[in-house]
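Bear in mind these aren't lab numbers, they're just calculated from the coordinates by the rules spelled out. Because the structure is a prediction, the values reported are computed rather than measured. Because the Cβ atoms are built from the backbone with ideal geometry, glycine has one as well, and the counts that use them run over all protein chains shown.
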Amino acid sequence: MDEIKRIGSPVVIDVSGKAYRVAVPLNRIPSPVWWVFFRDSGEWTSVCHPRSAVLDGSCLIFESEAEQVPGWIQYIDRWIASANGQFAVGWKRQQVERLQSGEEQRRRLLDAKSKFRHLS
């Protein structure tokens, strides 16, 4: 499982008055589940909120005044780390469930084979 990472510096893609539209490049396109974890990250301010960011392919995009961009980047790094952590826990849980499911299937198959062994 590869973690999502911010790569490179933020890029201003549009300016409207004092508001900058900023793109933050990621190393790959996040999964929908990861995106839910990102958007539900708990730490935020009235200015920097994960639900104010949008995902466009492998870029996070947000709008901000220039002086607030460094704060946004700090929070985005925290939100990415939080989403990665939650995603890893879910991924590991899923792997364990798959293994347990496979073991349960093998146990049931062995039980079924032994149940009908006397019919030969």
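Looking at the range 13-27, which of its residues are surrounded by 12 or more Cβ atoms within 10 Å (Cβ to Cβ) and not hydroxyl-bearing (Ser, Thr, Tyr)?
13, 19, 21, 22, 23, 24, 25, 26, 27
I'm trying to understand the selection: among the residues of the range 17-33, which are closer than 12 Å to residue 63 by Cα and of a type in the set (A, V, I, L, M)?
If we filter the range 17-33 for residues that are closer than 12 Å to residue 63 by Cα, which is where we start, we get 17-24.
Once the filter is applied, which keeps residues that are closer than 12 Å to residue 63 by Cα and of a type in the set (A, V, I, L, M), the range 17-33 yields 19, 22, 23, 24.
Take the residues in the range 44-74 that are among the aliphatic types (A, V, I, L, M) and within 12 Å of residue 24 (Cβ to Cβ), then tell me which one is surrounded by the fewest Cβ atoms within 10 Å (Cβ to Cβ).
54
List, please: which pairs have Cβ atoms under 7 Å, are six or more places apart or on different chains, and start with a residue in the range 26-52 that is free of Cβ contacts under 8 Å to residues at least 12 places away in the same chain and end with one that is not hydroxyl-bearing (Ser, Thr, Tyr)?
Sorted first by the residue in the range 26-52, then by its partner, the pairs are 52/62.
Does residue 41 satisfy the condition of being touching a strand residue (DSSP E or B) at 6+ places or on another chain (Cβ under 6 Å), surrounded by 15 or more Cβ atoms within 10 Å (Cβ to Cβ) and under 21 Å from residue 88 (Cβ atoms)?
No, not satisfied.
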